[in-house]
Every structure is written in C-alpha cells, then in structure tokens.
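These notes concern the structure reproduced below.
Please treat every number below as a calculation from the coordinates, not as lab data. All figures in this text were calculated on a predicted structure; none of them were measured in a lab. Quick reminder, even Gly has a Cβ in these numbers, built from the backbone with ideal geometry, and neighbours come from all protein chains shown.
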Amino acid sequence: MKVIYILWLRELKRYVRSKAQIIASLGQPLLYLLVLGFGLSPIFRKAGGGSYLQFVAPGVIAMTVLFSATFSGIAILWDRQFGFLKETLIAPVPRVQIMIGRTAGAATVAMLQGTLFALACLLVGFRPASWLAIPAGFAFLALIAAVFAAFGTTVGSSLKDMQGFQMVMNFLVMPLFFLSGALYPLDNLPKALAAVTRVDPLTYGIDGLRSTLIAQSHFSASLDAAVLIVLALILTGVGAWRFSKIEA
C-alpha cells in the first residue's frame, strides 16, 4: 500500500508543479464550450432543445477528463526513456501495485482537471439542475477518470515509443469523444451511429453526468454507473497484465 501511495502522490505533485500544463489543458475544452455553447445555442433552442450550453457542458467536462486520463499513459513512455521506470520496476514490490499507484494518480489528476473545468463552466453560465446532485456528478467524474486512466496505462504499457502512442491516441481518443454524444443528443440517431455510440464507454460517462447535473439522460444513471464500474475493473485487470509484461 505504501508503494501505491508514493506513486499516487508523485503523479499528483507532477501535475501541481506543471502550471503551464494545467492552463494549456483547459484551452481546448474552453474553446468547445464557448464557441459551440454560445454559437449553436440559438439553433438548439429553436429545435426545442433548450440551452445548448447546459446540454454541452457535461460532455465537455467529460472530454477534459478523457484527455487528461488517457494521455497519462505517455508518462510511462517518458519514464522508460529517462530510466525512472527501470528503477521502479526493479524494486522488490509487485508490479500490480506500481500500476495501481500510477493509474490512481492519473485518475486523480484527471478528476482535478475536470473539477477545474466544471468551475469554469459555472463562470460562463452553466448551472446544475440541483446543487444536491453535485456529489453524484463527482462520482461519475471519478468513474470516467478510472476507466480512461486504466485505458491509458494499458496502451502506454503496450507501446515502446512516443510516436506510436500519439498515433494510437489520435486514432482512438477523438473518435471516442465525437461518438459519445457529447455534442449532440442520442435520440433519433441513424441505426448504425446509434449502435456505435452504445459501445463507446464515454457515452455512459456523459449520460451519467447529464443525468445528475441537468436531469437529462438517454439510458439511466444506474446503467451508466454499472457499465463504467465493469469497464474500470476490466481495464485495470488488462492494464495490470500488460504492465507486468513491460520491459524497461
């Protein structure tokens, strides 16, 4: 447990010290929120959907967590390149503890990013349907962070160079975001697109956030939570297996 705590704290300190990274990582989500939230709001309102800013904010909050958690896998490649990973792997502790510590740290950092962006959403006019639902919203943020931090660790443990990681992430992360319903309602989609959104794990995270924050959902909060919990367990197991095979 001490190893898990040390690695978790290391990831947290790395994030806190990188003030430029914190600011830069909020730039793209803010662009989506402001440009789309205000730009498409009149069209969305005319279509009977209400405020588009209210609708899109949970999706962009989830995007912030998705990017931060998934790209945490880059740290494994970075540590491998500079030798820190080798020092960690030769320690007389189970590798699964190392993996859990790193993944927990990445998930915590992603949650902090999501929380910061949620505060920014409040500043530009987003309001939850009920302030009492905020703890449940944080629970869904934690589940999204856990799923994609484990996913990032799995990918980072399976690759050997930064270029490969960037290619895989660009090929997977952006489709995960755009196919999740973050920017559009899931009702009345073409059958092929609806089928794809159902196998996208981020879909359930965003639906859970919307269910708790704006009282709108396509599935149900209980189904969303169940899917995310199962995926987090599966990906953590796969990530631990891939990490155990890594060669520094």
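So, by mean Cβ neighbours within 10 angstrom, what's the order for 56-66, 148-158, 234-244 with the highest one leading?
The most tightly packed comes first, giving 56-66, 148-158, 234-244.
Here the relative contact order of segment 189-240, from alpha carbon pairs under 8 Å that lie six or more residues apart, stands at 29 percent.
Annotation: peptides 27-35, 111-119, ranked by per-residue average of other Cβ atoms within 10 Å with the highest first, follow the order 111-119, 27-35.
Loop-resident trypsin sites (Lys or Arg not before Pro) (DSSP state other than H, G, I, E or B) in segment 96-196 with no more than 16 further Cβ atoms inside 10 Å of their Cβ: LYS160. Here the mean projected area of the convex hull built on the C-alpha positions of segment 113-248 is 9.5 nm².
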